[in-house]
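Q: Before I ask anything, let me first share the structure, which is written out below as structure tokens.
The values are calculated or read from the model by the stated rules, or taken from the named source; none is laboratory data. What you see is a predicted model; the values in this text were computed from it and never measured. For neighbour counting, all protein chains shown are included, and Cβ atoms are generated from backbone atoms with ideal geometry for every residue, glycine included. Side chains are part of the model used for accessible areas, which takes the heavy atoms of the whole protein and leaves out ligands, DNA and RNA. Shrake-Rupley method; radii C 1.70, N 1.55, O 1.52, S 1.80 Å.
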Amino acid sequence: KKIINHNRNRNKEQAMRIKIMALESSPTFKHAIADPISRKALLGIGRKISFVPSMNRSLNRGETEDFSSPCPSSVWTSGNYHSLLEVPMFYPIGRTSTVVNCYDLGGIANRILGCLQKLSITAKFNASEACTLFAETLDYTKFYVRLYKDSKGILVELQRVDGDSFNFIKYAHLILASARGEKIDERKSATRRRSSLNYIPASILSCHIEQCPHEDSTDAYMMHVEELIKKDRSDAILLGIESLLLLTDRDRSTVSLSAAEAVLSGNGHSVIKDFIYKCIHCPRLALSPEDYDFDHASRQCETMHNTALAVLGNSLQTASDAECPRLLRSLLQSEEWMGHAGLVDALLYELSHAEDRSHDAYHAARCLNTLLDSSSEMKRTLIERGLPNVMKDSQTVGRRRHSLLARECDAALALMADV
């Protein structure tokens, strides 16, 4: 029995080696993702192998695709059914896929892009890679959307790259249903939260707050956030800013006003205010796609930048809903906000780059909307700085790619219409 089992295992390893050699020599695969990259990983021991196909025949092993251009429908829908590639050999199709029983490539692509716009999911494409999108949601879930030729029609496949698995499945069901031509329930597409992370339940925060008095809980939570953001570990810092994102969410936190005051004016927690302002002003690292894929620090920087904008939007909205005009009026006299290279200029800059960074532009639009509604003097100041033109440009981008951004721009332009 031992000899038989030994021979059987040896035959399996030899068969796996033959498959790997065939894959490495195949021009339809750019590389195999295996972490850690070792001989055991390549033989399938300990980890599953996820092979990422490339439809660019001229792409060499070790190179990285450049998904750096926003996706207009006129680019992704070019070509017809016969221009699609068939599913590569040895490529396992995932469960998040469907076969659409028609050959209208343009119609399927337009339905997918329309669904992504409703869900406020940004999509980028590689000019040299036909019918492949790289999508990212507001809660940092990233995935590929690929189209292949099939005998029964067109195969649509979604493959998760990073982010929460449960949210990916939720988005995948909606996108695949839209690709098949089914009507999407608008209530399901609106379940995403605009101001907090989707994957953290509201009950987590509320149950802790009810266990202790209001005054003590506020200071305890803010001190806990300070301790996290002071650490030198990126995971602890990210946990701290995500905690602050929940604390400033008026729908989920009973101490949101105190947290908002700490973010906007310091209020005994100047470390938090300075950290949020630093994350917003932090220059985004201009890295090549290859460096971005393997540079963990750059991805953390982008995530903290986006989360800091969301925290600022939550804080301004909480102060406005709580009818705290003193706090909002003080921003008009603040050099950090209205001065040269202040926060208002940073928000206008983010909004002007909505084509490239729609998620950041959306949170910037949330902040500027609240400032517009705070006072007539603030509204005149923002209009003098060119906010109407920037909002109109972002509105065009939002209607094409990001429904939440379009909604915020519509509200802002309505507020400025009577001036």
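Q: Which of the residues spanning segment 233-275 are without any contact (Cβ under 8 Å) to a residue 60 or more places away in the chain, of a type outside the set (Gly, Ala, Ser) and within 18 Å of THR370 (Cα to Cα)?
A: ASP251, VAL263 - these are the residues of segment 233-275 that are without any contact (Cβ under 8 Å) to a residue 60 or more places away in the chain, of a type outside the set (Gly, Ala, Ser) and within 18 Å of THR370 (Cα to Cα).
Q: Right, another one. Mind listing just one residue for me: the one in segment 146-188 that is of a type in the set (Gly, Ala, Ser) and in contact with a Phe, Trp or Tyr (Cβ under 9 Å, 6 or more places away or on another chain) and, of those, farthest from VAL87 (Cα to Cα)? It would help to see each step written out before you state the result.
A: The first filter runs over segment 146-188 and keeps only residues of a type in the set (Gly, Ala, Ser), leaving 151, 153, 163, 165, 172, 177-179, 181.
So of that shortlist, the ones also in contact with a Phe, Trp or Tyr (Cβ under 9 Å, 6 or more places away or on another chain) come out as 153, 163, 172.
On the way: GLY153: 12, GLY163: 25, ALA172: 20 Å.
Among residues in segment 146-188 that are of a type in the set (Gly, Ala, Ser) and in contact with a Phe, Trp or Tyr (Cβ under 9 Å, 6 or more places away or on another chain), the one farthest from VAL87 (Cα to Cα) is GLY163.
Q: Just one of ASP410, ASP418 is in a helix (DSSP H, G or I) and open to solvent by 10 Å² or more (accessible area, probe 1.4 Å); which is it? Before the answer, list the steps.
A: On the way: ASP418 fails: in a helix (DSSP H, G or I).
Exactly one residue qualifies, and that residue is ASP410.
Q: Any residue that is within 21 Å of the chain's Cα centre (by Cα) and under 29 Å from ALA123 (Cα atoms) - is there at least one of those in segment 375-389? I'd like the intermediate steps shown before the answer.
A: Looking only at segment 375-389, we keep the residues that are within 21 Å of the chain's Cα centre (by Cα), and these are none.
No, every residue in segment 375-389 fails to be within 21 Å of the chain's Cα centre (by Cα) and under 29 Å from ALA123 (Cα atoms).
Q: In addition: Filter segment 307-337 for residues that are open to solvent by 60 Å² or more (accessible area, probe 1.4 Å) and either at positive phi or within 23 Å of the chain's Cα centre (by Cα) (or both) and give the result. Steps first, answer last, please.
A: Going through segment 307-337, the residues open to solvent by 60 Å² or more (accessible area, probe 1.4 Å) turn out to be 317, 321, 323, 325-326, 329, 333, 335-336.
Those that are open to solvent by 60 Å² or more (accessible area, probe 1.4 Å) and either at positive phi or within 23 Å of the chain's Cα centre (by Cα) (or both): GLN317, GLU323.
Q: Just need a number here: residues in segment 365-394 that are of a type in the set (D, E, K, R), closer than 24 Å to ASP321 by Cα and assigned to a helix (DSSP H, G or I).
A: Within segment 365-394, the first condition is being of a type in the set (D, E, K, R), and the residues that meet it are 366, 373, 377, 379-380, 384-385, 392-393.
Still in the list and also closer than 24 Å to ASP321 by Cα: 366, 373, 377, 379-380.
Those left that are additionally assigned to a helix (DSSP H, G or I): 366, 377, 379-380.
Of the residues in that region, 4 qualify.
Q: If you go through segment 138-160 one residue at a time, how many are in contact with an Asp or Glu (Cβ under 9 Å, 6 or more places away or on another chain) and farther than 22 Å from GLY106 by Cα?
A: Total meeting the criteria: 4.
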